[in-house]
Amino acid sequence: MEWPIVRQILTALILGLAIGMQRSLSRHGSTHGNFGGSRTFALIALAGYLSAWLSESFAGIVWLAGGWIALLSAVSYGLKIQHKQKWGMTGPVTAVATFLLGVMIRKGWLEYAVFIGVLIIVLLEIKPFLKSLESRIGPREVHSGVLLLAMTFVILPLLPDRTVDPWHLFNPYQTWLMAVIIAAISFAGYISVKLLGQRHGVFLTGAAGGLASSTGVSITLSKMFPRSDALIPTYAGGIAIACTFMYLRVLFEAFVVHPALAWKLLPAYLGAALSGLAFSYWLYRRSRSGPEVRFENPDFSKNPLQLSEAIKFGILFGVIYGAVTLVKQRYGDLGVYLVSFFSGLTDVDAITLSLSQMAGSGKLQEFPAMTGIVIASVTNSIVKLGIVYWLGGWRLGWKLTEFFILTLGLMGLGLYLGQFIH
């Protein structure tokens with residue numbers, strides 16, 4: 001016997017057994033039967049391998065065997081509907097896919113067959129998660145997901161990847177690409193809030209909300225703070241964890257647009273994020289049970305993936321990108337820092353993407369881009385601190401002051417160290 005053939009046969013059997021075992025264990029304790037178990041799926045995979053092998057001498061065997069498996073699956077599905085009133089087609093479809101895995105292995109695509117087999121097992125295993133996801137996601141989220149696909153694969157390819165104005169400032173493709181990136185990141189944060197829920201306490205809400213808008217979390221929790229000294233660690237911790245996620249979000253955006261710049265930002269933002277997580281955990285350990293947090297209409301849980309929001313961000317990115325280009329030409333790096341400061345008063349994402357894009361295209365050196373992103377982050381942090389003092393009082397504000405002294409101090413140290421990373 002030849003070892004390569006034995007290896008292929010064993011691989012087909014193992015994949016079939018693994019898929020069949022998952023099917024059997026998934027209905028463990030259930031009174032409803034289903035199509036096949038471990039032995040059945042192992043034999044189906046082996047049948048696929050044998051039919052592909054025999055087709056090398058007898059044409060049409062794969063079609064005959066595959067049709068027979070499909071027929072058995074259809075009969076099983078019909079009997080299940082007739083006797084048990086169950087409409088799920090996962091078992092029959094999995095049987096056909098398992099048969100095709102055996103065919104692939106014989107055709108020499110063993111690695112791809114193993115990869116697809118593992119994906120099949122994962123898809124079968126995450127059924128409870130997918131059901132939970134379907135129960136939490138509504139038509140609005142589905143429409144938003146379709147819009148994101150249209151923004152990415154329909155609108156973006158149609159836009160010219162060149163400047164279209166006399167001053168060579170506005171590139172429609174790059175502007176819309178940034179809108180797609182921030183829309184995708186914001187939508188991921190929004191879906192995380194939907195999945196995690198908003199009734200699991202201040203800390204969990206702060207973490208989930210920080211994926212989309214740490215400013216929104218700061219406003220909401222500061223307004224809800226009951227002015228009780230015993231609850232300062234709880235509400236300060238919720239805001240702190242949201243602001244910590246802002247550091248991680250900025251770092252991720254830089255990695256998406258210009259990885260080389262992100263590596264230089266890594267010491268600054270990783271230091272800020274790790275110290276922020278440590279400070280938030282310290283507050284969590286000191287926190288006490290408080291009232292359940294409900295958000296009737298929080299700013300950070302609005303669906304960010306709306307066409308109007310994408311257009312507004314695209315315009316904002318285009319304006320900032322053009323402004324940075326103009327002031328860079330007239331005032332040098334100082335102009336970049338001024339734009340970063342004013343941008344950070346309201347938003348960090350747009351200036352982060354703008355400066356990262358300019359550094360990646362060679363229009364701006366990496367050090368002023370790094371410094372501009374940090375200036376915007378510091379400005380935005382000071383604005384959020386002012387919001388906490390204004391809406392939550394000086395006791396809550398002082399606790400967040402300690403947080404920002406720690407995180408921004410380490411950010412400054414990391415920015416200095418980042419100069420020496422090549």
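Before moving on, here are some points about what is shown:
- Stretching Glu111 away from Ala260 to a fully extended chain increases their span by 50.4 nm, per 0.36 nm per residue minus the current alpha-carbon distance.
- Between Asp229 and Ile155, the simple label model (points 7 Å from Cα in the Cβ direction) yields a spacing of 5.3 nm.
- On the beta carbon distance between Tyr416 and Lys127, with R0 = 41 Å, the FRET formula returns roughly 0.25.
- Remark: the Glu134-Arg162 segment gains 6.0 nm on full extension, using 0.36 nm per residue and subtracting the alpha carbon distance.
- When the C-alpha to C-alpha distance is required to be over 19 Å, the pairs from Lys264/Lys384; Lys107/Lys127; Lys223/Lys384 that qualify are Lys264/Lys384; Lys107/Lys127.
- Highest mean packing comes first when the peptides 55-68, 239-252 are listed by Cβ atoms within 10 Å, giving 239-252, 55-68.
- 37 °C / 0.692 mPa s Stokes-Einstein diffusion coefficient of the range 373-422, Kirkwood radius on C-alpha pairs, µm²/s: 279
- Chain lengthening between Val146 and Ser26 when straightened (0.36 nm per residue, less Cα-Cα): 40.1 nm
- Among 395-404, 374-383, sorting by the average number of other beta carbon atoms lying within 10 angstrom of each residue, highest first, gives 374-383, 395-404.
Where a number appears in this text, it was derived from the coordinates with a stated rule and is not lab data. Quick caveat, the model's predicted, so the values are computed rather than measured. Reconstructed Cβ throughout: ideal geometry from the backbone, glycine too, with neighbour counts over all protein chains shown.
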